[in-house]
Amino acid sequence: MIKEEHDLSGMGAPQGSAPMTTTVINIQPEMNVPDYIVWSMFNTVYMNWCCLGIVAFAYSVKSRDRKMVGDVTGAQTYASTAKCLNIWALVLGLLLIIMFMILKFTGTLV
């Protein structure tokens, strides 16, 4: 064997005297916050009872904006409000349709 193959000290190998430094990067997992924008758009177009669909759509857009900025807590707050408004718009819209159908079929509404 040749001496140069075994002698690594002349090639700049670590001698153990210098401390090793490490860099740690913490990557936050992406939070999947639903923004209910499709549901809000449906309620805006079809069941816009007392403008609840439009307000829910506005909160859905705010939720999406907060999510893009990285504010998960704000996005969850706006999404929760949009969900509540969407539920109310859907329930009131369905009640209105059912009442209209009952009045139409009973002959009260001509």
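The values are calculated or read from the model by the stated rules, or taken from the named source; none is laboratory data. Not measured: the values here are computed from a predicted model. Every residue, glycine as well, gets a Cβ built from its backbone with ideal geometry; the counts of neighbours run over all protein chains shown. Side chains included, ligands, DNA and RNA excluded: accessible areas come from the protein's heavy atoms. Shrake-Rupley method; radii C 1.70, N 1.55, O 1.52, S 1.80 Å.
Take Val110 and tell me if it is open to solvent by less than 70 Å² (accessible area, probe 1.4 Å) and at pLDDT below 90. Taking the combined requirement at face value, the residue does not satisfy it.
The numbered conditions (1) crowded, with 18+ Cβ neighbours inside 10 Å; (2) more than 17 Å from the chain's Cα centre (by Cα) are all true for Val91 except (1). Applying a threshold of 7 Å to beta carbon distances and a minimum spacing of six or more residues, or different chains, the list of pairs starting in the stretch 85-99 at a residue that is within 12 Å of Cys50 (Cβ to Cβ) and ending at one that is aromatic (Phe, Trp, Tyr) reads Leu85/Tyr59; Ala89/Trp49; Leu92/Trp49; Gly93/Trp49; Leu96/Trp49. The set of residues in the stretch 19-55 that are surrounded by 10 or more Cβ atoms within 10 Å (Cβ to Cβ) and among the acidic types (Asp, Glu) contains only Asp35.
The residue that is most open to solvent (accessible area, probe 1.4 Å), counting only those in the stretch 56-83 that are farther than 10 Å from Tyr36 by Cβ and of a type in the set (A, V, I, L, M, F, W, C), is Met68.
Contact map, the stretch 36-54: first residue under 14 Å from Thr81 (Cβ atoms) and free of Cβ contacts under 8 Å to residues at least 60 places away in the same chain, second residue charged (D, E, K, R) and surrounded by fewer than 21 Cβ atoms within 10 Å (Cβ to Cβ), Cβ cut-off under 9 Å, separation 6 or more or different chains; pairs are Tyr36/Lys83; Ile37/Arg64; Trp39/Lys83.
On the given criteria, is Ile97 over 17 Å from Ile37 (Cβ atoms) and open to solvent by less than 90 Å² (accessible area, probe 1.4 Å)? Criteria met by Ile97.
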